[in-house]
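**Student:** Submitted below is the structure of interest, expressed as structure tokens.
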Amino acid sequence: ATQPYDDQNVFAKILRREIPSTKLYEDEWAYAFPDINPQATLHVLVIPKGPYVSWDDFSAKASDQEIAGFIRAVGNVARMHDLVEPGYRLLANVGPHGGQEVPHLHVHLFGQQFLGPMIA
Ligand code: 5GP
């Protein structure tokens, strides 16, 4: 069972502008900003505006419109950074065992370098 959404999580505070972040992209459904501890030349986090703990919570409970809007936003962020031809990587950690530390759904977008095969 997914934990209830905690509106004091760091990404909720970023969405409310209580914690500063550099806005890279924003639309009705999503907000994107650089990861504070980048693991690639470009490391962006894309988050839905709605209160979803994880990919599991989002995929189970979000409306079709929210899901479509969020997925389209992730694509927009990649296109905006001209990542399509060189390629890029998307990653979502789900739950503590999956390496998720912040309990607001986020998709990691890595690019602007050769990423090679997935190792873990
Ligand atoms: P997770 O491990 O939950 O998939 O990823 C959480 C990510 O959020 C980590 O890569 C971490 O560096 C990033 N992060 C944590 N706190 C902040 C913050 O306050 N601002 C930004 N921009 N990134 C953060």
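**Student:** Any chance you could count how many residues in the stretch 6-21 are of a type in the set (Phe, Trp, Tyr) and exposed (fewer than 15 other Cβ atoms within 10 Å of the Cβ)?
**Tutor:** 0
Residue by residue, here is whether (1) farther than 22 Å from PRO117 by Cα; (2) near the ligand (Cβ under 10 Å from one of its atoms) holds:
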position	(1), (2)
LYS23	yes, no
THR41	no, no
SER59	yes, no
PHE70	yes, no
VAL74	no, no
ALA78	no, no
ASN93	no, yes
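**Student:** While we're here: Just give me the residues in the stretch 22-75 being among the small types (Gly, Ala, Ser), surrounded by 18 or more Cβ atoms within 10 Å (Cβ to Cβ) and either out of contact with any Leu (no Cβ under 8 Å at 6 or more places or on another chain) or more than 25 Å from GLU85 (Cα to Cα) (or both), in sequence order.
**Tutor:** Within the stretch 22-75, ALA30, GLY50, SER54, ALA62, GLY69, ALA73 meet the criteria.
**Student:** Give me the residue from the stretch 101-119 that is within 11 Å of the ligand (Cβ to nearest atom) and surrounded by 10 or more Cβ atoms within 10 Å (Cβ to Cβ) and, out of that set, nearest to LEU15 (Cα to Cα).
**Tutor:** The selected residue is HIS104.
**Student:** While we're here: Which numbered condition trips up ALA12, out of (1) over 30 Å from PHE114 (Cβ atoms); (2) small (Gly, Ala, Ser); (3) away from the ligand (no atom under 16 Å from the Cβ); (4) at pLDDT 95 or above?
**Tutor:** So the condition that ALA12 fails would be (3).
**Student:** Could you list, in sequence order, the residues of the stretch 25-39 that are within 11 Å of the ligand (Cβ to nearest atom), in contact (Cβ under 8 Å) with a residue 40 or more places away in the chain and within 18 Å of ILE71 (Cα to Cα)?
**Tutor:** Within the stretch 25-39, just ALA32 meets the criteria.
The values are calculated or read from the model by the stated rules, or taken from the named source; none is laboratory data. Please read these numbers as outputs of a predicted model, since none were measured by experiment. Don't worry about glycine lacking a Cβ; one is built from the backbone with ideal geometry, like all the others, and counts go over all protein chains shown.
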